[in-house]
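Here is the structure we will look at, set down as structure tokens.
Only the coordinates and a few stated rules stand behind these numbers; no lab work does. All of these numbers come straight from a predicted model, not from anything done at the bench. When we count neighbours, we look across all protein chains shown, and the Cβ atoms used for this are built from the backbone with ideal geometry, even at glycine.
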Amino acid sequence: MVKYHADEGKTVLLPYRGSVHGTISDILGGVRSTCTYVGAAKLKELTKRTTFIRVQEQENNVFGKE
């Protein structure tokens, strides 16, 4: 089995916006909300209560086209 690796893509420079604490809190809030929607009391249960779909290609035009 292939080990997980981060996706590669376009590199952009963003202005400093402070600590990542707020961003991490937002992500964790989204994960908690997802667990609530699917009835998972623990993160381990998430895979048993959902169907994950692998996405092969994704287009993000936030920073313009390549």
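For the peptides 26-38, 48-60, the ranking by mean Cβ contacts within 10 Å, running from highest to lowest, is 26-38, 48-60.
In this entry, the chain is assigned a mean projected area of 7.0 nm², taken as a quarter of its C-alpha convex hull surface.
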